[in-house]
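The values are calculated or read from the model by the stated rules, or taken from the named source; none is laboratory data. If you're wondering where the values come from, they're calculated on a predicted model, not measured in any experiment. Neighbour counts run over all protein chains shown; Cβ positions are idealised from the backbone, glycine included.
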Amino acid sequence: MKFPYDEDGFKRLTKGPLLIPRKGVSWEERAIFNPACIDIDGKISILYRAMSNDNTSVVGIAETKNGVKIDYIGDKPIYEPREYFEEKRIPGGNSGCEDPRITQIGNNIYIYYTAYNGITPPAVAMSCISKKDFIKRNWNWSKPVLVTADGVDDKDGCLHPELIKGKYMLYHRVSGYICVDYGKTPGFTERNSFKNIPLLLPRKGMWDSKKVGISAPPIKTKKGWLLIYHGVSEDSVYRVGAALLDLKDPTMVLSRTTDYIFEPMDKHDLIGQVNNVVFPCGAVLRGGKIFMYYGGGDSVIDVAEIKLDDIFKALI
């Protein structure tokens, strides 16, 4: 095991998980993993997927000022299943609100997540909340709506942080590749006529040969939109890579890392509910460094960092 540095990639910032399931907290007792994050007024909010012993997924929250030390963790979920497409249909089966991603546009904060009821295919759903309520921890989320097509297995959804030519842009994953689509609203009422425009495809014979999916919402830099994504190999190992997208047209891929820049190495990544998994859903840029929050082994949460300049070197 290499600790704390991965060669030419992200540096793990802890000697063990940043967050683990709390005993006696029923809604997260089985696992916590795959966290989104957002940096507001010097405080990073970590919105994580929590799973109960009956396999229901909800969203919990933790907060940190310096990126590593947890200053607050909620005693109740901040987001729970409310609609038919995410409420449990098979007793004991998986269901709920999975793998959230967070994007702020103006004074609204949007959550996109995988909604699953155990019967219909997984789909991306969306809800939003005002920045004011979010800061005050008043969890007045809007009524959730599906934003991907009916009957299509679709995951890994998030909203682009800016409008593109007056339209909202959605990243999502169908058939093992990352695609994008556009809408007049963040609710994407056009969902059943999506074009599934390809953005990143799996690469045969490489570490991301089986499938790829978005990790964190893209980060705006002077060189382009930095997109962190996960890739799965033929032997089902989940790793992390990056791509650089054009600032004006994010469907234009300027460069992509040849090698992965993060992989399972800690024992909690290697052995868990699902072995050999690092799965980020959120990252923030602070002081020239990217803090990336990820799920290890579908069981715990950790954080790693990389200098922005170093990730650019891997993208040349």
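Odds and ends about this structure:
- The set of residues in region 109-121 that are surrounded by fewer than 21 Cβ atoms within 10 Å (Cβ to Cβ) and either within 23 Å of TYR294 (Cα to Cα) or touching a Ser or Thr at 6+ places or on another chain (Cβ under 6 Å) (or both) contains only GLY118.
- Listed by position, the strands (runs of 3 or more DSSP E) inside region 52-162 whose residues that are touching a residue at least 40 places away in the same chain (Cβ under 8 Å) and either in contact with a His (Cβ under 9 Å, 6 or more places away or on another chain) or within 30 Å of THR221 (Cα to Cα) (or both) number at least 2 are 56-64, 95-105, 108-116, 123-130, 155-159.
- Considering residues of region 257-278 that are part of a strand (DSSP E or B) and touching a helix residue (DSSP H, G or I) at 6+ places or on another chain (Cβ under 7 Å) only, the residue farthest from PRO35 (Cα to Cα): VAL277
- Verdict on ILE40 being in contact with a helix residue (DSSP H, G or I) (Cβ under 8 Å, 6 or more places away or on another chain), closer than 28 Å to ARG286 by Cβ and not charged (D, E, K, R): yes
- Any hit, region 279-302, residues being surrounded by fewer than 20 Cβ atoms within 10 Å (Cβ to Cβ), part of a loop (DSSP other than H, G, I, E, B), out of contact with any strand residue (DSSP E or B) (no Cβ under 6 Å at 6 or more places or on another chain) and at negative phi: no
- Matching residues in region 167-179 - criterion: being surrounded by fewer than 21 Cβ atoms within 10 Å (Cβ to Cβ), outside any loop (DSSP other than H, G, I, E, B) and not basic (Lys, Arg): VAL174, TYR177
- For region 135-180, a tally of residues being in contact with a helix residue (DSSP H, G or I) (Cβ under 8 Å, 6 or more places away or on another chain) and closer than 20 Å to PRO122 by Cβ returns 5.
- First in region 11-39 and more than 19 Å from SER52 (Cα to Cα), second anywhere and hydroxyl-bearing (Ser, Thr, Tyr), Cβ under 6 Å, 6 or more apart: LYS11/TYR5; CYS37/TYR293; ILE38/SER45
- Residue count, region 143-166 (criterion: buried (at least 21 other Cβ atoms within 10 Å of the Cβ) and β-branched (Val, Ile, Thr)): 2
- If you filter region 180-202 down to residues that are of a type in the set (Lys, Arg) and either closer than 22 Å to ALA243 by Cα or buried (at least 17 other Cβ atoms within 10 Å of the Cβ) (or both), you find that the one that is nearest to the chain's Cα centre (by Cα) is ARG191.
- Residue selected from region 203-234 under the condition of a type in the set (A, V, I, L, M) and under 15 Å from ALA283 (Cβ atoms), by the criterion surrounded by the fewest Cβ atoms within 10 Å (Cβ to Cβ): ILE219
- Residue within region 6-14 that is part of a loop (DSSP other than H, G, I, E, B), at pLDDT below 95 and either β-branched (Val, Ile, Thr) or within 25 Å of SER127 (Cβ to Cβ) (or both) present: yes
- Enumeration of residues in region 264-278 that are surrounded by 21 or more Cβ atoms within 10 Å (Cβ to Cβ) and either of a type in the set (Gly, Ala, Ser) or within 22 Å of LYS313 (Cβ to Cβ) (or both): VAL278
- The set of residues in region 101-116 being under 15 Å from ALA50 (Cβ atoms) and of a type in the set (Phe, Trp, Tyr) consists of TYR113, TYR116.
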